[in-house]
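Here's the structure, in structure tokens; my notes come after.
The values are calculated or read from the model by the stated rules, or taken from the named source; none is laboratory data. Computed from a predicted model, the values in this text were never measured in an experiment. Quick reminder, even Gly has a Cβ in these numbers, built from the backbone with ideal geometry, and neighbours come from all protein chains shown. Just so you know, the surface numbers come from the protein's heavy atoms only, side chains and all, with ligands and any DNA or RNA stripped out. Shrake-Rupley method; radii C 1.70, N 1.55, O 1.52, S 1.80 Å.
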Amino acid sequence: MATLNSKIPEGTLAEKWTNFKAHQNLVNPANKRKLEVIVVGTGLAGAAAAASLGELGFKVKNFCIQDSPRRAHSIAAQGGINAAKNYPNDGDSIYRLFYDTIKGGDYRAREANVYRLAEVSNNIIDQCVAQGVPFAREYGGLLDNRSFGGALVSRTFYARGQTGQQLLLGAYSALSKEIAKGSVQMFVRREMLDLVIVDGRARGIITRNTVTGEIERFAAHAVVIATGGYGNVFFLSTNAMNSNGSVVWQCYKRGAYFGNPCMVQIHPTCIPVHGDYQSKLTLMSESLRNDGRIWVPKKKEDAEKIQKGTLKSTEIAEEDRDYYLERRYPAFGNLVPRDVASRAAKERCDAGHGVGSTGLAVYLDFKDAINRLGKHVIEARYGNLFQMYEKIVDENPYETPMMIYPAIHYTMGGIWVDYELQTTIPGLYAAGEANFSDHGANRLGASALMQGLADGYFVIPYTVQHYLADQINVPFIKTDLPEFEQVEKEVREKLERLLKNNGSKTVDTFHKKLGLLMWDHVGMARNKEGLQKAVEEIRALRAEFWKDVKVPGTMHGVNVELEKATRVADFLELGELMALDALNREESCGGHFRDEFQTEEGEAIRNDKDFMFVSAWEYKGPDKEPVQHKEPLNYEYIEVKTRNYKEA
Amino acid sequence: MNLTLKIWRQAGPDEKGKFVNYPISDISPDCSFLEMMDILNEQLIAKGEEPVAFDHDCREGICGMCSMYINGRPHGPDSAITTCQLHMRKFKDRDTITIEPWRAKPFPVIKDLIVDRSSFDEIIQAGGFISVNTLGTLPDANAIPIPKQNADLAMDAASCIGCGACVAACKNASAMLFVSAKISQLALLPQGKAEAKKRVQKMVAKMDELGFGNCTNTYACEAECPKEIKVTNIARMNREFFVAKVCVPKME
Ligand SMILES: Cc1cc2nc3c(=O)[nH]c(=O)nc-3n(C[C@H](O)[C@H](O)[C@H](O)COP(=O)(O)OP(=O)(O)OC[C@H]3O[C@@H](n4cnc5c(N)ncnc54)[C@H](O)[C@@H]3O)c2cc1C
Ligand code: SF4
Ligand code: FES
């Protein structure tokens, strides 16, 4: 059994990372060429890690599902990236960014990691600007900032509503440079299907070439997983269609512990669900909450009329509107953190004040901002988001308020990693959304991009090098080892079983059912009874899947249904672990809200005495209960408080 | 809505393709085009037929993966959007909709509606970057102010999603709009200046080598580009290319 050692370096908070770098082991240039690293994923974390490791001189193999590394899911991030530059001089600092992130995460993240994140945040901005990322600028030519939920300062850098795109294209350009140089070998349209461990160390992966259908083996001295989050377990989410939880799940089943699986973020501002044919949900960036005001009708009768289509939003008088966030949280108003905003929307809709034809929507209104600043300013800030909204909903948000509702967006949980981002399997690292590390029970807006790039550009290159320093005498790993043979055999058996199953229902049928189950019982509000039910029903659904799923085609060539089937098979197991973890955590904190643990006003009751820990789950076998390990969280530099967004 | 879909089916890169007609009924006008394709595929699987293969990922117009040539236009009849942002309300009940892959020599068909666009990655690898040492110490991000106007123009060009609609729209299969967007973005920023001359020569040479055609100024690319990338970028690229040729006679 692996032990949980978070390997936090000596020294005060501000010295830890410097101390690590000062004492870490290095590899000389001649030896670097003899060491191989596999990086799975080309999102911000993966592309940045692959490019940086390549530039250091290691031999890197980089993989992605899409036809080009530039298309990873990170491309879709809209709002921005945080950094403690304090350019607006509004009192920001590394400490404040660190503090806000810990507080926003409801005191469930590791202090040392979060401090390092805040510390390197400024380097990220310097680096991106040097790469030619066209961040928004003021008329004086300097960089512009905006504010995001959970912060009282403006520290978010952005590139229109396409920040993720521009940052990813920056990382992709660095990656392209290394590919041209030959230090990184790129493998597109590859899906990793399992991890290979040799003598207790991660040494390779098994992939399927999604064009030829070939099953391939790749070996290396170390493996970095940067495959993103598992939000698509809910079927409907804001994640891209190819986002999946399979790689983290494979690593878990091969011995990596899974950290905080129940910690999922629900984003308050998404376009509401409109039909059962719907394939995904579209996010409207949180940055809209800078200028938009959220409200529902004060009177239930008005809400009912709107739902029936007999009354229009614009016909409701000012005094009949309930700006419920401004009312409940005067200090932060519309800029409370995501979990708070999401639950408040659900509360109003459950109480019958929701709008739209389903009653599951609230208004996000720009009327006041347009009157105050002019339409052109709003257009410059959010033009492409408004256009996107209009294309989908067929309504003009400059004239009528947007309708929004919370949706699954991000997973704080992921593979458990220590300070060095190493998992409990030696030589296996996890970066970006795929790890559990920095956001505790809730992630602040604009902090995922920061974490992805911090991990990829500024942490992995150091820590992986530190690990590889004692591997210099290990020759290139061969893929004809029996361990590779065995794992490939298991992969083939799984695929063949799916193809031969010849059931009667499509993969999506099961995925949709699982999604509904997860949303109802493991979503925004959870309780013991519902979670127990979820565990049982997921097990039953999984059994039905393996009995009755129909996967057409063969192993050879393009087979999209087969790709989907392997992912849904994993989701059907992962969902159960999420429910189990949620059941286990008898408190409400961040994105995890248990009905049983709330005040009369509906605010979360956190239980620091019993639950101030990271839960790290260990896989024990197909029909065995997983074992929970606890990493206690010690706060030495921050006073733990109840989160309060009513006062500053 | 009830529709007839006339879809290009091709089993593999070296197989011969053909159009196959599929009737589809009860489609909501609020359904997106790709959701309509999902419904078709679910029905095909239920009938034991092979689903139609197509590329997609983000389904919100930013990853550049989706790529359908619909009724003779890349990304279909609506303007300034990608296939995944197209909604069925743009069609009429009983319409016949023709759906094909991108057609261009440098984008060979892999299967059905999926094409291989790796040539775009190769062009970027030829020089579409600024050589920064990712681990080195760099100047403060605000050390060089950049006029807002230039930053905005660079951002306009940088919005390209690499979808390839410009190539699919062009009768010469020219990639000039795509290539010029990257060259413009980097040429407009002071950070990109040092390598500007080498960059434009290498990227243009690569583009030619990969078999993309020449620009004959029909501007079909601009008309079909989902991100409204302007042909003025092509003019800027030509200028950069000219300057590079004159000032650096030989490329190393
Ligand atoms: C709509 C939206 C908007 C967002 N906006 C913001 C924002 O404004 N600010 C912010 O900070 N965060 C935002 N986020 C969150 C942020 O975008 C993500 O958390 C972050 O981009 C994740 O990056 P990543 O590198 O970890 O993974 P991803 O970008 O998800 O990349 C995953 C990579 O892994 C590859 N991969 C996955 N599985 C496999 C496999 N089996 N085999 C091979 N390769 C595989 C994929 O191909 C891809 O290359 C947003 C998220 C969404 C959904
Ligand atoms: S220039 Fe326009 S059409 Fe061409 S690849 Fe870029 S976004 Fe697509
Ligand atoms: S699927 Fe991403 S742009 Fe269409």
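Explain nothing, just the number: relative contact order of region A:230-319, from Cα pairs under 8 Å at least 6 residues apart, as a whole percent.
Numbers: 58 pairs, mean separation 21.1, N = 90.
About 23 percent, as a whole number.
Could you tell me how many degrees, from 0 to 90 and to the nearest 10, lie between the Cα long axis of helix A:94-104 and the main elongation axis, the longest principal axis, of the Cα atoms of chain A?
70 degrees
Go through A:320-328, A:359-367 and give me the packing order, highest mean Cβ count within 10 Å leading. Don't skip to the end; give the middle numbers.
Numbers: A:320-328: 17.1, A:359-367: 21.7.
Ranked by mean Cβ neighbours within 10 Å, highest first: A:359-367, A:320-328.
Evaluate the Debye formula for region A:215-364 with equal point scatterers sitting on the alpha carbons, no solvent, and hand back log10 of I(q)/I(0) at q = 0.13, 0.14 Å⁻¹, in q order, two decimals.
-0.72, -0.79
Got the relative contact order for chain B handy, in percent, Cα pairs under 8 Å and 6 or more residues apart? Spell out each step's value before the answer.
On the way: 425 pairs, mean separation 48.2, N = 252.
RCO, chain B: 19 percent.
Ranked highest first by the average count of other Cβ atoms within 10 Å around their residues, in what order do A:99-105, A:335-341, A:42-48 fall? It would help to have the intermediate numbers written out before the result.
Values: A:99-105: 24.3, A:335-341: 26.0, A:42-48: 34.9.
Per-residue mean Cβ counts within 10 Å order the peptides as A:42-48, A:335-341, A:99-105.
Work out, step by step, the length gained on full extension between A:Glu395 and A:Asn501: first 0.36 nm times the residue separation, then minus their alpha carbon distance; give nm to one decimal. The partial results should precede the final answer.
Working: separation 106, 0.36 × 106 = 38.16 nm, distance 4.53 nm.
Result for the pair: 33.6 nm of gain on full extension.
Given a Förster distance of 41 Å, report the FRET efficiency between B:Gln43 and A:Asp350 from their Cβ-Cβ distance, rounded to the nearest 0.05.
On the way: r = 36 Å, r/R0 = 0.88.
Once the sixth-power term is evaluated, E becomes 0.70.
Considering protein heavy atoms only and a 1.4 Å probe radius, which residues within region A:63-82 exhibit an accessible-area decrease of no less than 30 Å² in the full assembly relative to the chain by itself?
So the qualifying set is A:Asp67, A:Arg70, A:Arg71, A:Ile75, A:Ala76.
Normalised radius of gyration for the protein assembly as shown, please: alpha carbon Rg relative to 2.2 N^0.38 Å, two decimal places. Before the final figure, lay out the partial values.
Numbers: Rg = 26.0 Å, N = 900, 2.2 N^0.38 = 29.2 Å.
Relative to the 2.2 N^0.38 Å estimate, the protein assembly as shown comes out at 0.89.
I'd like the FRET efficiency for A:Val198 and B:Val246, computed as 1/(1 + (r/R0)^6) with the beta carbon distance as r and R0 of 45 Å, rounded to 0.05.
Taking R0 as 45 Å, the efficiency between A:Val198 and B:Val246 is 0.20.
Show that you can apply the helix-only estimate: for chain B, add -39,500 (n - 2.57) for every DSSP H stretch of four or more residues, divide by all residues, and state [θ] at 222 nm to the nearest 500. Let's see the in-between values first.
Numbers: 8 runs with 85 residues, N = 252.
One gets -10000 deg cm²/dmol as the mean residue ellipticity at 222 nm.
Using a basic spin-label model with each label point 7 Å from the Cα along Cα→Cβ, how many nm lie between A:Leu516 and A:Glu490?
So the two model labels end up 3.4 nm from each other.
Rounded to whole Å, give me the distance from the Cα center of region A:155-182 to that of region A:267-306.
Cα centroid of region A:155-182 versus Cα centroid of region A:267-306: 31 Å apart.
Let me check I've understood the local charge: for A:Glu496, count other residues with C-beta under 13 angstrom from its C-beta, Lys and Arg +1, Asp and Glu -1. What total comes out?
On the way: positive: A:Arg208, A:Lys489, A:Arg492, A:Lys494, A:Arg497, A:Lys500; negative: A:Glu488, A:Glu490, A:Glu493.
Summing Lys and Arg as +1 and Asp and Glu as -1 gives +3.
Specify the angular offset, from 0 to 90 degrees and rounded to the nearest 10, of the alpha carbon long axis of helix B:33-46 from the longest principal axis of the alpha carbons in chain B.
Tilt of helix B:33-46: around 50 degrees.
Residues of region A:286-301 with backbone nitrogen within less than 19 Å of a virtual label 7 Å along the Cα-to-Cβ line of A:Glu319, please, listed as ranges.
In region A:286-301, the label zone of A:Glu319 (backbone N under 19 Å from the point 7 Å along Cα→Cβ) covers A:296-301.
Take peptide B:112-122, look around each residue's Cβ out to 10 angstrom, count Cβ atoms belonging to other protein chains, and average those counts.
Working: counts 1, 0, 6, 1, 4, 4, 5, 0, 3, 10, 3.
Mean shielding count: 3.
Among the residues of region A:383-403, which ones have their accessible area go down by 50 Å² or more when all the protein chains sit together, as opposed to their chain alone (1.4 Å probe)?
Residues meeting the cut-off: A:Lys391.
With a 1.4 Å probe and all protein chains left in place, how much of the accessible area of chain A comes from carbon and sulfur atoms, in whole percent?
On the way: 10770 of 21900 Å².
Summing carbon and sulfur atoms, their accessible area is 49 percent of the total for chain A.
If you take each beta carbon of peptide A:202-210 and count the beta carbons of other chains within 10 angstrom, what is the mean?
What the average comes to for A:202-210 is 0.
Which value in deg cm²/dmol, rounded to the nearest 500, describes the helix-derived mean residue ellipticity at 222 nm for chain A, given -39,500 (n - 2.57) per DSSP H run of n ≥ 4 and division by the residue count? If you can, show how the numbers build up before the last one.
Numbers: 19 runs with 236 residues, N = 648.
The helix-only estimate for chain A comes to -11500 deg cm²/dmol at 222 nm.
Write down the accessible area per residue of the protein assembly as shown in Å², having rolled a 1.4 Å probe over the full set of protein chains. Let's see the in-between values first.
Values: 32140 Å² over 900 residues.
Roughly 36 Å² per residue, with all protein chains present.
About its Cα centre, what dipole magnitude does region B:190-248 give when the only charges are +1 on Lys and Arg Cβ and -1 on Asp and Glu Cβ, stated in debye to the nearest 20? Could you put the intermediate results ahead of the total?
On the way: 11 positive and 7 negative charges, 79 e Å.
Magnitude of the dipole: close to 380 debye.
Taking chain B as a Gaussian network, Cα atoms linked when under 10 Å apart, which of B:Val132, B:Val231, B:Val20 shows the biggest mean-square fluctuation?
Maximum among the listed residues: B:Val132.
How much of A:Leu311 can a 1.4 Å solvent probe reach, expressed as accessible area in Å² and rounded to 10?
The accessible area of A:Leu311 comes to roughly 40 Å².
Once the piece of chain linking A:Lys7 and A:Glu586 is laid out straight, how much longer is it, given 0.36 nm per residue of separation minus the C-alpha distance between them? Let's see the in-between values first.
Numbers: separation 579, 0.36 × 579 = 208.44 nm, distance 2.79 nm.
My answer for the length gained is 205.6 nm.
Can you tell me the relative contact order of chain A? Whole percent, Cα pairs under 8 Å, sequence separation 6 or more.
On the way: 1422 pairs, mean separation 131.8, N = 648.
Value for chain A: 20 percent.
Please report the spacing between the Cα centers of region A:50-104 and region B:150-189 in Å, no decimals.
25 Å
With just the Cα atoms defining each centre, how far is region A:475-520 from region A:118-139? Give it in Å.
Each part reduced to its Cα centre gives a spacing of 41 Å.
Using Stokes-Einstein with the Kirkwood hydrodynamic radius over Cα pairs, what translational diffusion coefficient do you get for region B:3-110 at 20 °C and a viscosity of 1.002 mPa s, in µm²/s rounded to a whole number?
Values: Rh = 14.4 Å.
Rounded, D is 149 µm²/s.
Using a 1.4 Å probe on the protein chains only, how many percent of the accessible area of region B:118-247 belongs to carbon and sulfur? Mind showing how you got there, number by number?
Values: 2830 of 5240 Å².
Carbon-and-sulfur percentage of accessible area, whole number: 54.
Rounded to the nearest 5, what % of DSSP beta bridges with both residues in the protein assembly as shown are antiparallel?
70 percent
Could you state how much accessible area is buried at the B-A interface, both sides summed, with a 1.4 Å probe, in Å² to the nearest 100? Mind dumping the intermediate values first?
On the way: alone 13320 and 24900 Å², together 32140 Å².
Heavy-atom accessible area buried at this interface is about 6100 Å².
Probe radius 1.4 Å, ligands and nucleic acids ignored: give me the carbon and sulfur share of the accessible area of region B:3-110 as a rounded percent.
Values: 1990 of 4250 Å².
Carbon and sulfur together cover 47 percent of it.
What's the average, rounded to a whole number, of partner chain beta-carbon atoms within 10 Å of each residue's beta-carbon in A:505-513? Before the final figure, lay out the partial values.
Details: counts 2, 7, 2, 4, 3, 0, 0, 0, 0.
Average neighbour count from other chains, rounded to a whole number: 2.
Where does helix A:375-393 land angle-wise versus the long Cα axis of chain A, in degrees 0 to 90, nearest 10?
Computed tilt is about 70 degrees.
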